[in-house]
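Novice: Below is one structure. I have some questions about it.
Please treat every number below as a calculation from the coordinates, not as lab data. Note that the structure is a prediction, hence the values are computed from the model and not measured. Because the Cβ atoms are built from the backbone with ideal geometry, glycine has one as well, and the counts that use them run over all protein chains shown.
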Amino acid sequence: MIEFDPRHRIWLLSTPTMAYALRLDEDGTPRHVHWGRPLTLEQAAAVPPFRDPADSSFEYPRADGAEFPVAGFGPPALQVRFPGGGQEIEWRCDGHTVEGGHLTIRLHDRCRPLAAELHYRVHEDGEVLERWTVLRHTGGDAPLEVLRVDSAAWSVPHLAGYRLSHVTGAWGSEFRLRREALPGGETVLTSRRGVSGHHANPWLMIDDGGAGEEHGEVWSTALAWSGSWRITLHRSPAERLRWSGGFGHDGVTWRLEQGESLETPVFAGLYRPDGFGGTSRSWHAYIARHVLPAGSELRPVVYNSWEATGWAVTEEGQKGLAVLAAEVGAEMFVMDDGWFGARDSDEAGLGDWVPNPGKFPTGLDGLIAEVHRLGMRFGIWVEPEMVNPDSDLYRAHPDWVLHEPDRRRTLLRNQLVLDFGRPEVASWAHDWLDRLVGGHGIDFLKWDMNRALTEVGRPGAGDPGRPWIDHVRGVYEVMDRLRADHPRLRIEACAGGGGRVDLGVLRRTDEAWTSDNTDAADRIAIQHGFGQIYPARTMAAWVTDSPNFLTGRDLPLRFRFHVAMAGVLGVGGDLSRWSAAERGEAAELVALYKEIRPVVQHGVHYRLGEPPLTGVQYVADGRVVVLAWRLSSPFGAPPAPLRLRALDPDARYRDDDTGAVHHGAVLLAHGLPLELPGRSHASVLVRLTRVE
Ligand code: DGJ
């Protein structure tokens, strides 16, 4: 997986579909050589040097092709201000080590107390290259000021054009896929909110403008970080493309004291020759195998009470919903916000994590026992990073929040952010969570986070940039400790919907709440964007009431189910207002989901069709599941059929419901005949099994 050619001083990292090569130039600076289709070491040594053609006194001579740019006029991956003010860095290489699939290249500055390690890791069973950086202050009393330290910089071969795929959105409209020509100059994708964000997500894909769902070369990177982040792409006048990314954002700097190190998160990358679909499938496989802590499990069907009750939680009300949830087949009953402290709205109570005595006179055990009696596991909503000023916690510890002493404390959703970088705050959070989980045998936490960070300060902290990263690390540590101490505990990542979904949080959680927008028609688009990188086994999707609380749209129950069944199905409506017939239909659909769940959650994912008729296909062990949705019938015309993917053309596939037998070749060439009644919203689930 990793080879080194000492003569040309080239390293080559290989996966089945990709090669990545870099070399050391004469003065010890690592230079990028290749990222793309597989090459041998000999071929990598023959790659022409990466150099802008313009020979001009307005270009920096050694900037082109730097593996980790520290100089020149393009976006730097690293900027350090040395004591006394200088910022130039001149690397010398101290050598490298290879351990299994992990390459470390050690560098130091020629005359200043700065060392860096560039890390590269490939997994035997994967196609993703993980990269990160460690910086170290190696001597002298004065601190170094780190203005920017990215995890990695990436370069692609010279392409005829450059197109960027990424997502944008907002609360209720996360993961809206955008695919647009990349303009010349610099493009910055970033979050300055202290959280990965609803408005963007820290991944991208690049192609030459000609790739499609199943063809064309695609380069893609994703950052494993749940705080502020920044990825700067630079399409140079000579039409070369490079991007650099990592944690932090403009204006946030870090101070490194002597002997101190700063390690960045992983910025992972992959190359696929087979389009956006192939790229998504590689990310899905990587996340399942190397990111999720329990990626080989099947996720349960959750019932969540939020849309049914809001904050009006009571023991009796929850027990009533639990009976109905069990009837429709839920396996995990999750009580949402409103169960603790003086929490009757978003104005009070956050921070006071004891059951509200009016709502739970004898504590949580009665409800939990009832949920268990009904055959379900029990989960509970928490928002550990937050506090309402109207809470006993805040009255006791007003200094525990992120704040600047002489500035206003901006309230968002009436709450402030606890500084998880303070050991006493993280340990307080760990202790009550540990008691809650351990004391009640809780199986599942929905870990929510409902506001962006502002006034990110910790008086007396010394380094003003630290709280930005310490907060994220503090959250990670609390989650990691809880998981280690409670191995059965599973966690759902949530931040006002899908505001914190990234490879960093997924390393310590099991699924993510995709969006507070549960309108199935909107969800098709949201799920389409989510699935570009993140696999179905992480995509929590509830069926809720109709008309939808957010959009007012009325959609058939079956349609709502068929959309949610494309991920981790849950139910989040007010079941007490559903008719017996609706609950009966829901129970049938939940049972059906359990039957297809191994294929949906663990199968290989293909996206099908174009609006108005789209769908997803999952394939596992000769079983095929297709979920298709038609939103409307413009001009009354029948939509183009959905041509299936990844079937054996010589095999036959039997429809498990109708018994009809289809030739694989026909399904691939002409698509699947679908029964879609009416002219507007209609959906269908088809299960096929390979018969020969
Ligand atoms: C935001 C989440 O996304 C919702 O599902 C719900 O848990 C609310 N917070 C509760 O305040």
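Novice: If you take the Cα Rg of region 553-692 and divide it by 2.2 N^0.38 Å, with N the number of residues, what do you get? Please report the intermediate quantities before stating the final value.
Specialist: Values: Rg = 15.4 Å, N = 140, 2.2 N^0.38 = 14.4 Å.
That works out to 1.07 for region 553-692.
Novice: Could you pull the Rg and Dmax for region 345-387, using just the Cα atoms, both in Å?
Specialist: 12.4, 35
Novice: Counting other C-beta atoms within 10 Å, which of ILE368, ILE526 has the fewest, and how do the rest follow? Walk me through the numbers before you get to the answer.
Specialist: Numbers: ILE368 20, ILE526 27.
By the 10 Å Cβ count, ascending, the order reads ILE368, ILE526.
Novice: Can you pull a Stokes-Einstein diffusion coefficient for region 177-217 at 10 °C (1.306 mPa s), Rh from Kirkwood over Cα pairs, as a whole number of µm²/s? Walk me through the intermediate numbers first.
Specialist: Details: Rh = 12.4 Å.
Translational diffusion coefficient: 128 µm²/s.
Novice: Report Rg (one decimal) and Dmax (nearest whole number) for region 29-161, counting Cα atoms only, units Å.
Specialist: Rg then Dmax for region 29-161, in Å: 16.2, 50.
Novice: With an 8 Å Cα cut-off and a minimum separation of 6 or more residues, compute the relative contact order for region 550-692 in percent. Working shown, then result.
Specialist: Numbers: 236 pairs, mean separation 33.0, N = 143.
About 23 percent, as a whole number.
Novice: In Å and whole numbers, how far do the C-alpha atoms of region 94-172 stretch along each principal axis, longest first?
Specialist: Taking max minus min along each principal axis of the Cα atoms, region 94-172 gives 48, 35, 32 Å.
Novice: Would you list HIS166, HIS198 from fewest to most Cβ contacts within 10 Å?
Specialist: Working: HIS166 22, HIS198 27.
Placing the least packed residue first, the sequence is HIS166, HIS198.
Novice: Could you work out the relative contact order of region 449-576, using alpha carbon pairs under 8 angstrom and six or more residues apart, expressed as a whole percent?
Specialist: Values: 155 pairs, mean separation 22.8, N = 128.
Relative contact order, region 449-576: 18 percent.
Novice: Taking N as the number of residues in the chain, what value does Rg over Cα atoms divided by 2.2 N^0.38 Å take? Can you show the working numbers first?
Specialist: Details: Rg = 26.3 Å, N = 692, 2.2 N^0.38 = 26.4 Å.
Rg over 2.2 N^0.38 Å, computed on Cα atoms: 1.00.
Novice: Take each uninterrupted DSSP H stretch in the chain, measure its Cα extent along the helix axis, and return the ones at 30 Å or beyond whose mean Kyte-Doolittle hydropathy is at least 1.0.
Specialist: Qualifying helices, which must be both long enough and hydrophobic enough, do not occur.
Novice: Here's another thing I want to ask about it. State the antiparallel share, in %, of DSSP beta bridges confined to region 332-449, rounding to the nearest 5. Don't jump to the answer; show the numbers that get you there.
Specialist: On the way: 5 of 13 bridges.
Here the share of antiparallel DSSP bridges comes out near 40 percent.
Novice: A further question on this structure: Indicate, rounded to the nearest 5 percent, the antiparallel portion of the DSSP beta bridges found entirely in the chain.
Specialist: Numbers: 126 of 153 bridges.
Percent antiparallel among DSSP bridges in the chain is about 80.
Novice: Okay, moving on. Could you state the per residue volume, in Å³, of the convex hull enclosing the Cα atoms of region 594-650? Walk me through the numbers on the way to the answer.
Specialist: Details: hull volume 5.2 nm³, N = 57.
That works out to 92 Å³ per residue.
Novice: Related question: Could you tell me the relative contact order of the chain? Use alpha-carbon pairs under 8 Å, at least six residues apart, and round to a whole percent. Mind showing how you got there, number by number?
Specialist: Working: 1679 pairs, mean separation 70.2, N = 692.
Averaging sequence separation for qualifying contacts and normalising by length gives 10 percent for the chain.
Novice: Test of understanding: ordering ARG597, ARG92, ARG523 by Cβ neighbours within 10 Å, fewest first, what list do you get?
Specialist: Working: ARG597 21, ARG92 15, ARG523 25.
The fewest-first ordering by Cβ neighbours comes to ARG92, ARG597, ARG523.
Novice: Can you report the principal axis dimensions of region 411-473 using only the alpha carbons, biggest first, rounded to whole angstrom?
Specialist: Its Cα atoms span 40, 25, 16 Å along the three principal axes.
Novice: Quick one, can you get me the convex hull of the C-alpha atoms of region 127-209 expressed as volume per residue in Å³? All intermediate terms of the calculation are to be shown ahead of the outcome.
Specialist: Details: hull volume 13.5 nm³, N = 83.
So the per-residue hull volume is 163 Å³.
Novice: Between region 494-554 and region 622-692, what's the alpha-carbon centroid distance in Å?
Specialist: 25
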